[in-house]
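Written out below as structure tokens is the structure these notes cover.
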Amino acid sequence: MKRRSIIILGAVAAVAAVLSVPFLLPLDIYRAPIERATTAAIGREVRIAGPLHLSIYPQIGISLSKVSIANAPGARNPQMIEVDSVLVGVIALRPTADGGGCTSSCIFISPAAER
């Protein structure tokens, strides 16, 4: 009985350790690389002003807060779009052959676009 309790306690501790990892990772070190890669991909300056969080539900990915995408030069509004939160779903946790990542979806939450 004692051995069984130790095994159960060890399993619970292992699950707790795995579930705590997203809260222990310093995601702010990825802010600048994400901004540079996105800016290069879409040709507009991208800024992430809020915190970054790992997301497990509804899908594995990263959540970006207070994201803005610059408008074309000379436009009436300097920002083409401002978003409270963006959830980027990840289907490849490692870089692809060309060095880029692989995402499954990009969900904008509360976007405000220039008219």
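The values are calculated or read from the model by the stated rules, or taken from the named source; none is laboratory data. This one's a predicted model, so the numbers in the text were calculated from it and none came from an experiment. Please note: Cβ atoms are built from the backbone with ideal geometry, for glycine as well, and neighbour counts cover all protein chains shown.
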Kindly indicate whether SER63 is touching a Ser or Thr at 6+ places or on another chain (Cβ under 6 Å), at pLDDT 80 or above and not aromatic (Phe, Trp, Tyr). yes
Can you work out which of the residues in region 50-92 that are of a type in the set (Gly, Ala, Ser) and in a loop (DSSP other than H, G, I, E, B) is nearest to PHE108 (Cα to Cα)? GLY50
Please specify each residue of region 39-49 satisfying the condition of being surrounded by 15 or more Cβ atoms within 10 Å (Cβ to Cβ) and either modelled with pLDDT under 85 or part of a loop (DSSP other than H, G, I, E, B) (or both). ARG44, GLU45
